[in-house]
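Visitor: Below you will find the structure I want to go over with you.
The values are calculated or read from the model by the stated rules, or taken from the named source; none is laboratory data. Nothing here was measured: the structure is a model prediction, and the numbers come from that model. Heads up, the Cβs are rebuilt from the backbone with ideal geometry, glycines too, and the neighbour counts pull from every protein chain shown.
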Amino acid sequence: MKNKAIVPGTFDPLTTGHLDVVERAAAIFDEVTVAVAVSPEKNGHGTLFNVQERLELISTATQHLENVSAKSFDNLLVAFARDQGTTVLVKGLRAITDFEHEFQMAALNWKMASQVETLFIMASPENMYLSSSAVKEIAGHGGSVKGLVPTCVEEALARKCP
Ligand code: PNS
């Protein structure tokens, strides 16, 4: 039986930090599905990239990982995990700030589906400060996001924020 895991998130857009977590999960599990949340209510704002764009960017950035695929979901994460035949969620954790929110989500997911385990991969030190929001803010003001995101995302941001 294959060991499968899901790396869930909004990925608006995928950063180098996300990619690091996906690569490290892909080295541990037989199959990794990057699960892209379709309509997150992120502070009431929509996403910069629509779900198709986010999926395509993830597929391009993970081309070198043959056991990784990207899928979108619009339901509860635990229901999506069940449909994918896995009980393992892998998330990246940056410093202290992520902990409370991640702890709450992991606990609620566990309450809804006690067979679901959330595993955390510590962000590597060079990615500790990185977030999709910061990347969008920098790109939106014309700054360089080189090294903060995969090349395909850098190009897509340049098209969105000329
Ligand atoms: O990248 P993010 O924004 O931290 O990802 C958050 C995400 C998409 C993993 C989370 O919002 C989620 O799981 N949404 C799906 C709906 C759901 O299951 N909500 C209950 C979690 S407590």
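Visitor: Please enumerate the residues belonging to the range 14-36 that are part of a loop (DSSP other than H, G, I, E, B) and under 22 Å from ASN50 (Cβ atoms).
Guide: Passing the criteria: LEU14, THR15.
Visitor: Moving on to the next point. Of the residues THR87, THR60, which single one is out of contact with any helix residue (DSSP H, G or I) (no Cβ under 6 Å at 6 or more places or on another chain), β-branched (Val, Ile, Thr) and surrounded by fewer than 18 Cβ atoms within 10 Å (Cβ to Cβ)?
Guide: THR87
Visitor: Kindly check whether there is at least one residue in the range 44-55 that is hydroxyl-bearing (Ser, Thr, Tyr), surrounded by 18 or more Cβ atoms within 10 Å (Cβ to Cβ) and out of contact with any strand residue (DSSP E or B) (no Cβ under 6 Å at 6 or more places or on another chain).
Guide: yes
Every residue, every condition in (1) surrounded by fewer than 16 Cβ atoms within 10 Å (Cβ to Cβ); (2) more than 20 Å from LEU55 (Cβ to Cβ); (3) within 14 Å of the ligand (Cβ to nearest atom), yes or no:
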{"residue": "VAL116", "(1), (2), (3)": "no, yes, yes"}
{"residue": "PHE120", "(1), (2), (3)": "no, yes, yes"}
{"residue": "VAL135", "(1), (2), (3)": "no, no, yes"}
{"residue": "SER144", "(1), (2), (3)": "yes, yes, no"}
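Visitor: Being within 11 Å of the ligand (Cβ to nearest atom) and out of contact with any Pro (no Cβ under 9 Å at 6 or more places or on another chain) narrows it down to one residue among MET1, MET112; which is it?
Guide: Going through MET1, MET112 in turn, the sole match is MET112.
Visitor: Condition first: part of a loop (DSSP other than H, G, I, E, B), in contact with an Asp or Glu (Cβ under 8 Å, 6 or more places away or on another chain) and within 15 Å of the ligand (Cβ to nearest atom). Can you find one or more residues in the range 48-60 that meet it?
Guide: Yes, that holds for at least one residue.
Visitor: May I pose another question? Would you check which residues across the range 109-152 are assigned to a helix (DSSP H, G or I) and within 15 Å of VAL21 (Cβ to Cβ) and list them?
Guide: PRO125, GLU126, ASN127, SER132
Visitor: Next question. Those residues that are touching a Ser or Thr at 6+ places or on another chain (Cβ under 7 Å) and surrounded by fewer than 20 Cβ atoms within 10 Å (Cβ to Cβ), I need them from the range 69-84; list them, please.
Guide: SER69, LYS71, ASP74, GLN84
Visitor: Another question, if that's okay. Take the range 71-117 and flag every residue that is of a type outside the set (Asp, Glu) and under 14 Å from the mean Cα position of the chain (by Cα).
Guide: Once the filter is applied, which keeps residues that are of a type outside the set (Asp, Glu) and under 14 Å from the mean Cα position of the chain (by Cα), the range 71-117 yields LYS71, SER72, PHE73, LEU77, LEU89, VAL90, LYS91, GLY92, LEU93, ARG94.
Visitor: Please specify each residue of the range 61-108 satisfying the condition of being of a type in the set (A, V, I, L, M, F, W, C), part of a loop (DSSP other than H, G, I, E, B) and more than 8 Å from the ligand (Cβ to nearest atom).
Guide: LEU65, ALA95, ILE96
Visitor: Return the only residue of GLY92, GLY44 being under 29 Å from ALA139 (Cβ atoms), modelled with pLDDT of 95 or more and either of a type outside the set (A, V, I, L, M) or in contact with a Leu (Cβ under 6 Å, 6 or more places away or on another chain) (or both).
Guide: Within the list GLY92, GLY44, the selection yields GLY92.
Visitor: Here is a further query. For the structure I just gave you, tell me whether ASP20 is out of contact with any strand residue (DSSP E or B) (no Cβ under 6 Å at 6 or more places or on another chain), under 14 Å from PRO150 (Cα atoms) and not basic (Lys, Arg).
Guide: yes
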